[in-house]
Amino acid sequence: MIGRGQAASGHLIYRGGEAFNYHVELSPAGIALIRPPTIRFRSTHLNSIMTKTRDFLGPYRLTRLIRVGSTAEVWEAVEENTKERYALKVLKPSLASNKGEIALLKHEYNVAKDLSSPRIIKILEYREDSGRPMLVLELFSELNMKQALRRGPESLAFMLHQIIEQAAEGLYYMHTKNWIHLDIKPDNFLVSRDGTVKLIDFTIAQKKKSGLAKLFHRARVAKGTRSYMAPEQIRRKVCDERTDLYAFGCVLFELCTGKPPFTGDNPNDLLNKHLSASIPAAAAYNDNVTRDFSELIKSMMAKKPENRPPSMWEFLKMFRAVEIFKKRPRKPEVSVFDSMPGIKGAEDMIIKGNTAGLDSES
Ligand SMILES: Nc1ncnc2c1ncn2[C@@H]1O[C@H](COP(=O)(O)OP(=O)(O)O)[C@@H](O)[C@H]1O
Ligand SMILES: [Mg+2]
């Protein structure tokens with residue numbers, strides 16, 4: 001039996017913002033942090049911990065902390081009545097009454113309301129429980145593309161064509177609904193072991209501007225993620241789907257070389273490279289990348305939007321006509337997805353029985 005603020009064993013290990021919790025800990029709010037990949041609990045033990053801790057937000061029982069970001073915690077949760085599993089994106093306690101952050105969360109919900117595609121994560125509702133504003137999301141693979149790349153790019157390489165195609169389709173779909181994402185990066189695509197991809201995180205998405213709105217446009221602050229920001233986004237000019245295309249080009253570069261196209265000694269240095277450094281060729285960093293694919297990526301990263309492919313649709317057409325690699329990478333014997341508990345692919349999203357929300361014991 002452990003009390004609030006105590007841990008049963010070990011500590012939470014945070015690495016690059018990821019939470020690896022190999023033990024049971026009760027936060028001061030009485031929330032159980034449980035991660036069983038290395039230590040597994042008998043479900044009776046797990047259940048008794050769960051019921052004792054009142055680790056609920058509304059009808060959702062929090063079962064696992066997936067990730068802690070700068071503003072929100074993402075939890076795996078089970079709806080007690082239906083036993084369905086969801087992901088909850090909950091504002092951190094310190095930001096729970098921050099009006100700006102609440103507005104961003106509501107904005108994210110409003111963007112997602114417009115979007116219905118298997119390539120885009122579904123957001124079911126915005127709600128507040130126990131003073132915690134949150135989004136209820138469809139639960140999907142626990143690895144985002146960045147994590148998968150960092151832990152073992154070969155787990156993605158052999159199915160990269162499918163991964164890129166699905167990521168591009170998600171973004172293309174979003175554009176057809178007149179939204180631009182503006183924060184395209186590997187962290188904002190979820191990937192499952194069978195290569196299914198879903199686009200997430202619509203916090204700074206904007207409606208595409210047209211006509212007069214374009215003329216009077218003036219962004220107050222430049223938002224985005226520096227490693228993937230297009231020149232027009234950095235300069236706070238009007239952005240459109242080609243801004244996402246630039247960022248997507250940077251993602252493709254990283255997917256096949258393991259590193260983003262530009263790095264800098266400091267933030268300004270990095271931004272300046274997007275603005276004026278010559279565009280690197282992926283083939284120069286990985287000699288298994290074909291010239292055609294390397295050139296396609298370079299065209300997406302053109303400094304001027306008019307020199308990029310005009311739309312994700314055009315990109316998809318060109319992409320379907322090229323090979324990524326000269327020699328097809330083999331499926332590795334050990335995959336980064338092997339060590340992931342719970343969800344193994346789309347099939348595992350289907351709830352089977354009462355304890356399906358918990359990681360089964362082995
Ligand atoms: N629906 C989901 N299912 C599983 N994991 C998710 C889900 N949504 C987000 N995550 C995990 O949480 C991380 C942060 O989510 P995101 O919406 O990008 O929040 P932030 O605004 O903090 O970047 C993602 O990179 C992913 O690892
Ligand atoms: Mg994100």
Determine which single condition P231 fails, assuming it passes every other condition in (1) in contact (Cβ under 8 Å) with a residue 12 or more places away in the chain; (2) away from ligand 1 (no atom under 16 Å from the Cβ); (3) surrounded by fewer than 17 Cβ atoms within 10 Å (Cβ to Cβ).
(3)
Considering only region 229-237, I want to know if a residue exists there that is closer than 21 Å to I121 by Cβ and within 16 Å of ligand 2 (Cβ to nearest atom).
no
Filtered residue count, region 234-261, keeping only those that are touching a residue at least 60 places away in the same chain (Cβ under 8 Å), farther than 30 Å from F216 by Cβ and of a type in the set (S, T, N, Q)
0
Among all residue pairs at least 6 apart or on different chains, which show Cβ distances below 6 Å where the first residue, located in region 196-209, is within 19 Å of Y126 (Cβ to Cβ) and the second is away from ligand 1 (no atom under 12 Å from the Cβ) and among the aromatic types (F, W, Y)?
A205/W179
Region 180-198, subset among the hydrophobic types (A, V, I, L, M, F, W, C) and under 17 Å from P118 (Cβ atoms), residue farthest from ligand 1 (Cβ to nearest atom):
V197
Consider L156 carefully, then state whether it is farther than 21 Å from G224 by Cα, in contact with a helix residue (DSSP H, G or I) (Cβ under 6 Å, 6 or more places away or on another chain), more than 13 Å from ligand 1 (Cβ to nearest atom) and assigned to a helix (DSSP H, G or I).
yes
Pick from region 199-215, criterion within 15 Å of ligand 1 (Cβ to nearest atom) and either farther than 20 Å from Q162 by Cβ or surrounded by fewer than 22 Cβ atoms within 10 Å (Cβ to Cβ) (or both), ranking: nearest to the chain's Cα centre (by Cα):
D201
Which ones in region 64-107 are among the hydroxyl-bearing types (S, T, Y), surrounded by fewer than 18 Cβ atoms within 10 Å (Cβ to Cβ) and within 18 Å of the chain's Cα centre (by Cα)?
S70, T71
So the helices (runs of 4 or more DSSP H) completely within region 216-313 holding 1 or more residues that are farther than 28 Å from S155 by Cα are 231-234, 241-257, 267-276
For region 129-138, which residues satisfy the criterion of being surrounded by 16 or more Cβ atoms within 10 Å (Cβ to Cβ) and away from ligand 2 (no atom under 16 Å from the Cβ)?
R132, P133, V136
With the requirement that a residue be assigned to a loop (DSSP other than H, G, I, E, B), more than 10 Å from ligand 2 (Cβ to nearest atom) and out of contact with any Asp or Glu (no Cβ under 6 Å at 6 or more places or on another chain), what does region 182-206 give you?
L182, S192, R193, D194, G195, T196, A205
Subset of region 262-290, residues more than 20 Å from P231 (Cα to Cα), surrounded by 13 or more Cβ atoms within 10 Å (Cβ to Cβ) and either among the basic types (K, R) or without any contact (Cβ under 8 Å) to a residue 40 or more places away in the chain (or both), comes to A283, Y285, N286, V289, T290
Residue ID - farthest from C239 (Cα to Cα), chosen from residues in region 154-182 that are β-branched (V, I, T) and crowded, with 18+ Cβ neighbours inside 10 Å
I163
Among (1) touching a helix residue (DSSP H, G or I) at 6+ places or on another chain (Cβ under 6 Å); (2) in a helix (DSSP H, G or I); (3) surrounded by 19 or more Cβ atoms within 10 Å (Cβ to Cβ), the one test that L316 misses
(3)
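Readers should treat all values here as calculations from the given coordinates under stated rules, not as data from a laboratory. These numbers come from a predicted model, not from an experiment. Neighbour counts are summed over all protein chains in view; Cβ atoms, including those assigned to glycine, are modelled from backbone coordinates with ideal geometry.
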